[in-house]
Every structure is written in structure tokens, then in C-alpha cells.
Amino acid sequence: MSRVFVVYSHYSDKSFNAAIKKTFIDSAKAKGHEVDYVDLYKEKFDPVYAGEEPSADVLDHRKRIEKSDTIVLIAPIWNFRMPAIMEGWIDKVLAPPWAFRFKKLIGNYGYPQGNLEGKKAIVFCTYGSPRFAVATFFLNMPVRRLKRGIFYICGIKDILYRRYFAVPFVSDEKRREFLEDVKNTANKI
């Protein structure tokens with residue numbers, strides 16, 4: 001079985017994101033996976049990065065990632081980005097030189113060398129918008145940025161991105177379908 005580190009960012013325990021978190025954790029544990037998770041809001045994670053050395057909580061999260069096989073992010077998409085607390089977590093925890101470093105190529109140019117190779121990532125995101133708006137007008141910007149701009153640079157190539165659209169407007173039946181997809185995703189780790 002594998003070790004999973006879940007990073008959750010939604011302020012409400014009554015949100016659909018909370019249902020995603022519970023469904024994923026319960027399903028992964030039922031399959032025998034070891035699950036470690038952090039709730040950034042409850043932990044009061046400070047997302048502001050001002051060039052300081054990594055704090056104790058950042059170092060702790062990095063150690064937990066090092067022990068894991070899979071990193072799971074659960075968050076809504078607001079204004080085509082994750083909440084600031086998750087974005088700050090990404091900036092502070094998945095930062096160089098720990099998560100990646102730049103190898104010099106020619107002259108002043110370098111390329112990133114990921115330090116998290118061999119790990120998997122799963123991202124669960126909810127949207128208030130319908131799929132058409134995100135895919136058409138914004139060219140799937142959140143997907144591209146998270147996959148290519150964050151995980152690929154860190155060396156993680158095995159990435160599953162699960163998106164649930166128009167969550168505030170869909171039926172309870174559709175939400176149950178979404179949660180069944182979360183359960184199936186956890187069952188396939």
C-alpha cells in the first residue's frame with residue numbers, strides 16, 4: 001500500500017470540498033493506504049512568502065511529502081486560481097532548492113531539475129463555472145499551471161487532475177456522481 005499526503009484548503013467544513021476530502025480519505029484508508037493530511041485553514045498556515053528561510057511548519061510538510069508516495073491537493077478554484085492559502089503553500093513548500101533546482105545549461109540560462117521524481121500527484125478542484133467557460137475562455141489555465149508550472153518542474157510526471165464544474169448549481173445526484181468519482185480515484189491509487 002502507499003503513503004498519501006493530503007493538503008486541503010477550504011474554510012468551511014460544510015463545503016463540497018470537505019465532502020471530497022472526507023470521501024477521498026475514507027476510501028483511501030479503506031483500501032489500506034496510509035493517509036496523512038493537513039487542513040491549511042485549521043492549521044492557520046501563513047501563505048505570505050517574503051524571502052525568509054523555511055519555517056517549522058514548512059519543514060514539517062516537506063518531511064511528510066518525503067515520506068509519501070502521492071501528494072493530493074483539494075481546493076476550490078476561485079478567480080481561476082486556488083485560494084491564496086494553497087497558493088502560498090505551493091510557493092513556500094514546493095520551492096527551490098528543496099523541490100527543484102536549476103541546472104546550468106548554456107550561458108545564463110538553466111532548466112529545472114525536479115527533486116520529487118517518482119511521486120504521484122492528484123488534484124481535486126471544484127469550480128463555480130461550467131466546463132465550457134473554463135475550457136473555452138480561459139484555456140484550462142488552472143490545469144496547465146498546476147501540471148506544467150508546478151508539478152512537472154518538481155519532477156512529478158504522474159498527475160491526475162479531477163475537476164468538478166458548476167458545483168453550486170448542480171443537483172444532489174450530480175454531486176453524488178462527483179463523490180463516486182473521488183472514491184474511484186482513491187481506489188486506484
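The values are calculated or read from the model by the stated rules, or taken from the named source; none is laboratory data. Bear in mind the structure is a predicted one, so any value in this text is a computation, not a measurement. Ideal geometry is used to build each Cβ from the backbone, glycine not excepted, and the neighbour counts take in all protein chains shown.
Couple of notes before you dig in:
- Total residues in segment 148-189, condition over 14 Å from residue 122 (Cα atoms) and either aromatic (Phe, Trp, Tyr) or part of a helix (DSSP H, G or I) (or both): 14
- Residue ID - surrounded by the fewest Cβ atoms within 10 Å (Cβ to Cβ), chosen from residues in segment 45-60 that are within 19 Å of residue 5 (Cα to Cα) and of a type in the set (A, V, I, L, M, F, W, C): 56
- Looking only at residues in segment 132-151 that are more than 15 Å from residue 79 (Cα to Cα) and crowded, with 16+ Cβ neighbours inside 10 Å, the one that is modelled with the highest pLDDT is 151.
- Residue check for residue 44: at pLDDT 95 or above, under 14 Å from residue 9 (Cα atoms) and basic (Lys, Arg): yes
- Candidate set: segment 1-45, residues that are in contact with a Leu (Cβ under 7 Å, 6 or more places away or on another chain) and small (Gly, Ala, Ser); chosen: the one nearest to residue 60 (Cα to Cα): 9
- Segment 97-120: number of residues that are among the small types (Gly, Ala, Ser), over 20 Å from the mean Cα position of the chain (by Cα) and modelled with pLDDT of 85 or more: 0
- Selected residue (criterion: surrounded by the fewest Cβ atoms within 10 Å (Cβ to Cβ)) from residues of segment 152-189 that are among the aliphatic types (A, V, I, L, M) and in contact (Cβ under 8 Å) with a residue 60 or more places away in the chain: 179
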